[in-house]
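Novice: First the structure, which I've put down as structure tokens, then a few questions once you've had a look.
The values are calculated or read from the model by the stated rules, or taken from the named source; none is laboratory data. This is a predicted model, so every value here is computed, not measured. Heads up, the Cβs are rebuilt from the backbone with ideal geometry, glycines too, and the neighbour counts pull from every protein chain shown. Heavy atoms of the whole protein, side chains included, go into the accessibility calculation; ligands, DNA and RNA do not. Shrake-Rupley method; radii C 1.70, N 1.55, O 1.52, S 1.80 Å.
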Amino acid sequence: MAIESLLPAANCLKSGRMTHASPELQSYYAARAPYYDEVYLKPERRSDIALLAAHLPARLAGRRVLEVACGTGFWTQFIAPQAESLVATDALAEPLEFARLRPGTENVRFLRADAYDLPQDLGPFDGAFAGLWFSHVPVGARAAFLRSLHSRLAPGARVVFLDNSAVQCRELPIVERDGEGNTYQLRALKDGTTHRVLKNFPTESELIRLVTPLSRASGFRLLENFWLLEYELAERPD
Ligand SMILES: C[S@@+](CC[C@H](N)C(=O)[O-])C[C@H]1O[C@@H](n2cnc3c(N)ncnc32)[C@H](O)[C@@H]1O
């Protein structure tokens with residue numbers, strides 16, 4: 001079955017504004033899709049992953065979940081069996097082709113959609129998840145991404161973001177910082193190309209400050225290799 005695409009034409013939002021989506025980031029992840037999952041085989045991540053494979057589904061159990069930037073569906077496979085329903089989106093066809101082959105995701109609706117312009121007709125949701133995505137959102141685009149996500153969620157919806165802790169910088173050091181506070185890594189692919197990838201490592205207080213005006217409860221947890229942010233959307237955001 002072909003993967004549905006709900007991407008706006010020519011990367012333009014319906015309003016006519018350009019999306020914050022990055023062509024450089026997307027070509028990097030398109031090329032990396034066939035071996036992306038190697039990142040989950042690192043022995044030092046094993047115990048965090050075991051914890052998360054139980055924790056994430058429990059936090060989203062029984063909810064109608066929207067997943068953003070699902071990639072090859074590594075976390076989707078754990079969340080799907082306990083969610084009431086799951087719509088998993090990514091901007092790219094390449095990782096989605098792997099995601100839809102995951103056992104346990106037969107009831108997941110996979111489709112292409114831009115995180116900055118999530119379409120209205122995706123369905124009603126009271127849960128949301130994004131793994132290893134928020135770190136790729138430029139500082140100046142965070143509000144736009146959250147607006148896009150929250151506009152698809154019911155009041156009181158639970159949102160969970162998972163991302164890399166700064167431990168990742170031991171292997172992939174920050175090589176550049178721009179005027180907005182975004183940081184960049186150089187990433188080599190197996191085809192011999194090297195890519196400058198925007199990768200931010202927000203602090204706990206930065207994250208909590210960002211979501212506090214929009215949420216009624218929030219919590220942050222730092223594991224060895226990952227951080228977790230969870231919040232529930234306010235009934236009526238300030
Ligand atoms: C680091 S991967 C995360 C994949 C998966 N969530 C995980 O945790 O393994 C980042 C993903 O973001 C996707 N992506 C890049 N730009 C996007 C955009 N504007 N909207 C939605 N997805 C995007 C890429 O295709 C890639 O699959």
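Novice: Sort the following peptides by mean Cβ neighbour count (other Cβ atoms within 10 Å, averaged over residues), highest first: 81-92, 162-173, 144-155.
Specialist: For the peptides 81-92, 162-173, 144-155, the packing ranking is 81-92, 144-155, 162-173.
Novice: Just want to confirm a number: the relative contact order over the chain, from Cα pairs under 8 angstrom separated by 6+ residues, in percent.
Specialist: The value is 17 percent.
Novice: Using a 1.4 angstrom probe on heavy atoms only, work out the carbon and sulfur share of the accessible area of segment 122-238 in %.
Specialist: Reported share for carbon and sulfur atoms: 53 percent.
Novice: If the only charges are +1 at each Lys and Arg Cβ and -1 at each Asp and Glu Cβ, what is the size of the charge dipole of the chain around the Cα centre, to the nearest 20 debye?
Specialist: The dipole magnitude comes to about 140 debye.
Novice: Can you show me the helix-derived [θ] at 222 nm for the chain, built from DSSP H runs with n ≥ 4 at -39,500 (n - 2.57) apiece and divided by the number of residues, rounded to the nearest 500.
Specialist: After summing the helix terms and dividing by residue count, I get -6500 deg cm²/dmol.
Novice: For segment 20-110, which whole-number percentage of the solvent-accessible area (1.4 Å probe, protein heavy atoms only) is attributable to carbon and sulfur atoms?
Specialist: Taking all protein chains in place, segment 20-110 shows 55 percent carbon and sulfur surface.
Novice: Can you give me the distance in nm between label points at residue 184 and residue 221, each placed 7 Å from the Cα along the Cα-to-Cβ direction?
Specialist: Roughly 3.5 nm, to one decimal.
Novice: Rounded if a/c is under 1.5, else prolate if a/b beats b/c, else oblate: with a ≥ b ≥ c from the C-alpha gyration tensor eigenvalues square-rooted, which is segment 28-88?
Specialist: Taking the square roots of the gyration eigenvalues as a ≥ b ≥ c, segment 28-88 is oblate.
Novice: Another question, if that's okay. What's the magnitude of the charge dipole for segment 105-238 around its Cα centre, counting Lys and Arg as +1 and Asp and Glu as -1 at the beta-carbon? Answer in Debye, nearest 20.
Specialist: Approximately 120 debye in magnitude.
Novice: While we're on this one: Calculate log10 I(q)/I(0) of segment 149-238 for q = 0.23 Å⁻¹, where I(q) comes from the Debye formula with a single equal point scatterer on each Cα and nothing for solvent.
Specialist: -1.10
Novice: Can you compute the charge dipole magnitude of segment 88-177 about its Cα centre, using +1 on each Lys and Arg Cβ and -1 on each Asp and Glu Cβ, nothing else charged? Give it in debye, rounded to the nearest 20.
Specialist: 240 debye
Novice: On to the next question. When averaged across all projection directions, what area in nm² does the alpha-carbon convex hull of segment 74-228 cover?
Specialist: The directionally averaged projection comes out at 10.2 nm².
Novice: How large is the accessible surface per residue of the chain, computed with a 1.4 Å probe and reported in Å² as a whole number?
Specialist: Result: 47 Å² of accessible area for each residue.
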